[in-house]
């Protein structure tokens, strides 16, 4: 095993593996070590909804441009692998019962169009409306970009007959869909290993520096302790990003939130197999019986469930017969602890939160099949934009704060971080993902009034 390396990467999640792949396959580095005390792609990277999108809010176009580049790279890899990781472009379907929110869709859509997300097509039932092109279940070739804002009730329920009558409008964003995250990760891992990347099962205990620059990395593992001599170190530690940063006496501006997902077998066939990624975009109060409400209110752990819960309940089909549900109704900064604390009621809450948009799900409320619940931590910056840049120690870099969008963003953020590491030319959106942005008073002032952060 290597005792020296051109680069040592801490973290074998999708961020670390994508970066190793980029450095080895694109930049030709031959001595790359990835260290992680857990197996590759096992901590957070396999806990996501596996979706991707170029539809992002923000006061500028940096996230849209980053995601467009990342999707470009994903599509290139899909072509090269004959779509081994099952990438589709079914889109995201944002639904609302609120006419005011529907107008927000129009406003945000025009901003996204200006930022490079593609044309916004508005459907109101007029003869002059553009044609609505339905999505296809598989693949991404020859599919629309941009988005379709559907305000016509007849078209809405013809295109999506499973939606409930309360749905007033839907925004179908089109350069969006999902893929097999595990297959994507394994493809990148296999390619990286074939190019000579070494994966070490061990914990990064210390980053050695001399004269303000990286000189080595101390790793402990089952086979003992060793120090790898290197002039470059990358913190790609996912939810451990901050703790690894402290090895360099750096406090990274990140916090973590617990995000969960649940799935169960849709044996009644309620959820169409070709469904887009569906989001109920309204805050809501759940319809508890008086007895249920009283019982929930008595417990400190569940009383909040009797109040208005935030928007963002979402779902998609999973495999041949399952449905995947997610709802971050419990967000807030937490400490990263393992194993995860998973509320017993999580699946039922997600299910109840989606019955208004898909009434057919009500059939499962009182007779829920045995669910599978899993999750991880979303590690995020204040404004929910990633870090892919040098750190204030020469030879040290960070690739993280990918806050639940690691699978969709890591191809482009890895490319960006690799450019910093190798001295290659940087894309002009790179300042948006650099730590130096927090030294800009104008930027900090904008963060104070940032608005939606795009988190689901």
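Values in this text are rule-based calculations from the coordinates and carry no lab data. Keep in mind that what you see is a predicted model, and the values were worked out from it rather than measured. Every residue, glycine among them, receives a Cβ derived from its backbone with ideal geometry; neighbour counts consider all protein chains shown.
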Most exposed first by the Cβ proxy, i.e. fewest other Cβ within 10 Å, how do 255, 262 rank? 255, 262
Sort the following peptides by mean Cβ neighbour count (other Cβ atoms within 10 Å, averaged over residues), highest first: 393-401, 289-297, 60-68. 393-401, 60-68, 289-297
Using only the alpha-carbon atoms, how far is helix 181-194 inclined from the longest principal axis of the chain? Give it as 0 to 90 degrees, nearest 10. 20 degrees
Once residue 251 and residue 425 are pulled to full extension, the length gained, defined as 0.36 nm per residue separation minus their Cα-Cα distance, is 59.9 nm
Using alpha-carbon coordinates, inclination of helix 406-422 to the longest axis of the chain, degrees: 30 degrees
Sort 107-114, 38-45 for me by packing, meaning the mean count of neighbouring Cβ atoms within 10 Å per residue, highest on top. 38-45, 107-114
Rank-order 442-453, 175-186, 204-215 by packing density, defined as the average count of other C-beta atoms within 10 Å over each peptide's residues, highest first. 175-186, 204-215, 442-453
Angle between the Cα long axis of helix 62-80 and the longest principal axis of the chain, 0 to 90 degrees, nearest 10? 80 degrees
Quick one: 25, 101, fewest Cβ neighbours within 10 Å first, how do they rank? 25, 101
Calculated FRET efficiency, residue 103 and residue 3, Cβ-Cβ r, R0 60 Å, to nearest 0.05? 0.45
Spin-label model distance (nm) - residue 132 vs residue 225, 7 Å beyond Cα toward Cβ: 6.4 nm
Plugging the Cβ-Cβ distance of residue 448 and residue 288 into 1/(1 + (r/R0)^6) at R0 = 56 Å yields, to the nearest 0.05, a FRET efficiency of 0.90
At 222 nm, what helix-only mean residue ellipticity would the chain give, in deg cm²/dmol to the nearest 500, using -39500 (n - 2.57) for each DSSP H run of four or more? -7500 deg cm²/dmol
Theoretical FRET efficiency, 1/(1+(r/R0)^6), r = Cβ-Cβ of residue 38 and residue 218, R0 22 Å, to 0.05: 0.75
Proxy exposure order for 9, 32 (fewest C-beta within 10 Å first) is 32, 9
Length added when fully stretched, residue 303-residue 119, from 0.36 nm per residue minus Cα-Cα: 61.9 nm
